[in-house]
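What follows is a short report on a single structure.
What follows draws every value from the coordinates through simple rules; no lab data is involved. All values reported here derive from a predicted model rather than from experimental measurement. We place every Cβ from the backbone using ideal geometry, glycine too, and count neighbours over all the protein chains shown.
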């Protein structure tokens, strides 16, 4: 078995898809959040899934593993429901039965319809309209667990990050800024938090909402923002629905882009005090130099699960003397187009390695010598115990995010982790019982 089709030097890669899609391998790296984890961020809400038991197993286990089974229900579909009845009635009556069994009704129900509803052309409008009549005090949020749509149009994850904010409302408050679409709170030291604090603004995030009232108050922001790419569509929609200004400020590892983003934020805020950009850059250079002194020429491997901008991180590290050997990814974001072509020109031998290509199930995973992995998938595919254990960008943002990344790399280089035990845990950062 050779690496053809599963790995390619960046000089020979194609943008934005360097590998042919086909049969896929699912590695046992589960730190990324799925739709169950994300939906549980809505306080005082219940998730109800309507699907066949073979698919139900995974979502049930996710709810149990994050100690949230008391906020999860399901309606099992069988073959008879398809041949002898209709999914509209089965769904309506099943959800009704679930809610009637509860002593206290939830504020909202995240109702997940599935692939079968698409296959048989179910009338989803009828389902929701009937349930809204039967339970007028419950907000029904339209969610989807339909992986057949994964490669065409918005993904189930993107659609959830839109729908889960449909209940937010409130009068606009000038000094409130709302961050939507993320699974993780911004770090307290992140650039955005520091800028907002310097200008007397309050930041509200769903990750800190512990009640339905707090959730609703997310709608009071005079400015809506998102920093996580899958949340862009939903945050933009909610801003338009409520008539708010909207900013998309994706996490970046490029000094100039970060500076532009922070200037854009200050402009929308109406001016005010910003950060000392030269001092921020000086501190970044110092942190990167320190990390380079510690890590030396040890090979560094990155993955797309650590952060949505793995190529941007590769460029930053390469320009600061690190030996970046490879990047594990399956496609390249349009936001990283310039980084891709920069790497083709300046680091042509950098390897791009797939994570879902079928060959990855059997390709060697052990490496000789020390390897520093930045991300769970990079760690698992190289067998390295020296890895940065963080997913989806965590709370990193801005110049502070660069410094935090450098610090995490040093910590990972100096201290081993139990890779096999850590990466299989679902939903990094969630409460977990495994």
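Computed over the range 173-268, relative contact order equals 31 percent, with contacts defined as Cα pairs under 8 Å that lie 6+ residues apart. For the range 269-349, the pair-distance distribution built from all alpha carbon pairs, in bins 10 Å wide starting at 0, is 16, 40, 31, 11, 2 percent. For the chain, the longest principal axis of the Cα atoms and the long axis of helix 398-414 meet at an angle of about 70 degrees. Using 0.36 nm per residue and subtracting the Cα-Cα separation, the extra length available between residue 14 and residue 211 on full extension is 66.2 nm.
Compute the FRET efficiency between residue 125 and residue 241 as 1/(1 + (r/R0)^6), taking r as their Cβ-Cβ distance and R0 = 22 Å, and round to the nearest 0.05. That pair, residue 125 with residue 241, gives E of 0.75. Bridges between two residues of the range 173-268, per DSSP, are antiparallel at a rate of about 0%. Placing a label point 7 Å from the Cα of residue 104 along the Cα-to-Cβ direction, no residue of the range 392-434 has a backbone N closer than 17 Å.
For the peptides 87-96, 112-121, 74-83, 41-50, residues were scored by their other Cβ atoms within 10 Å and the scores averaged per peptide; the highest-first order is 41-50, 87-96, 112-121, 74-83. Just to confirm the number: angle between the C-alpha axis of helix 277-295 and the first principal axis of the chain, 0 to 90 degrees, nearest 10? Helix 277-295 and the main axis of the chain meet at about 70 degrees. Apply the a/c threshold of 1.5 to the C-alpha gyration tensor of the range 43-163 and tell me whether it is rounded, prolate or oblate. It comes out rounded by the Cα gyration axes. Modelled spin-label separation between residue 416 and residue 268, with each label point placed 7 Å from Cα along the Cα-to-Cβ direction: 4.6 nm.
Taking a ≥ b ≥ c as the square roots of the eigenvalues of the alpha carbon gyration tensor, the range 331-406 is oblate, as a/c is not under 1.5 and a/b does not beat b/c. Taken along its three principal axes, the alpha carbon spread of the range 114-266 comes to 52, 35, 25 Å, from the longest extent down to the shortest. Going from the fewest other Cβ atoms within 10 Å to the most, the residues 246, 19 appear in the order 246, 19. Taking a ≥ b ≥ c as the square roots of the Cα gyration tensor eigenvalues, with a/c under 1.5 meaning rounded and otherwise prolate when a/b beats b/c, else oblate, which class fits the chain? Verdict is oblate for the chain. Bridges between two residues of the chain, per DSSP, are antiparallel at a rate of about 10%. A simple packing score, the average count of other Cβ atoms within 10 Å per residue, orders the peptides 335-347, 217-229 as 217-229, 335-347, with the highest score first. Between residue 21 and residue 198, the contour length at 0.36 nm per residue exceeds the alpha carbon distance by 59.0 nm. By the beta-carbon count within 10 Å of each Cβ, the least crowded to most crowded order of 413, 322, fewest first, is 413, 322. For the chain, the longest principal axis of the C-alpha atoms and the axis of helix 232-242 are separated by about 50°.
Shown is the FRET efficiency for residue 118 and residue 351, computed with R0 = 35 Å from the Cβ-Cβ distance and rounded to the nearest 0.05: 0.35. Note on residue 133 and residue 189: the model spin-label points, each 7 Å out from Cα along the C-beta direction, lie 5.8 nm apart.
Mean residue ellipticity, 222 nm, helices only, the chain: the sum of -39500 (n - 2.57) across DSSP H runs of n ≥ 4, divided by residue count and rounded to 500, is -11000 deg cm²/dmol. Here the calculated FRET efficiency for residue 54 and residue 367, from their Cβ-Cβ distance with R0 = 41 Å, stands at 0.65, rounded to the nearest 0.05. Per-residue extension of 0.36 nm, minus the Cα-Cα distance of residue 358 and residue 282, leaves a gain of 23.0 nm for this segment.
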